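Every number here is computed from the coordinates shown, using simple stated rules; none is lab data. All of these numbers come straight from a predicted model, not from anything done at the bench. Here the Cβ positions follow ideal geometry from the backbone for every residue, glycine too, while neighbour counts run over all protein chains shown.
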Amino acid sequence: MKQISTGIEDFKTVIDNDYYYVDKTQLIADVFSNAVMLYTRPRRFGKTLNMSMLYYFFSNKEKDNDYLFEGLKITENKEMMKHQNQYPVI
């Protein structure tokens, strides 16, 4: 039975442990296509989890993590998938 991931801030942990996850991967395309983005949300709203998702998508240090995005919305965007694992991320 799937569990709810309360307090987990790492995207890879959420996917690897098969927790419930609301697909917010469209945020990747939104961040990439906007020059400036202000991301304000209340505490415990998933900001750190979303930043972790961005890290695992763009980071060139995480090339073995393609499976994390299988079945998620971002994989339908072939143009964005060309950018996966292509950039140094701080």
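Here are some notes:
- The magnitude of the dipole of the chain, with charges of +1 and -1 set on the Cβ of Lys/Arg and Asp/Glu and taken from the Cα centre, is near 360 debye.
- Distance cut-off 21 Å, percentage of C-alpha pairs in the chain lying past it: 29
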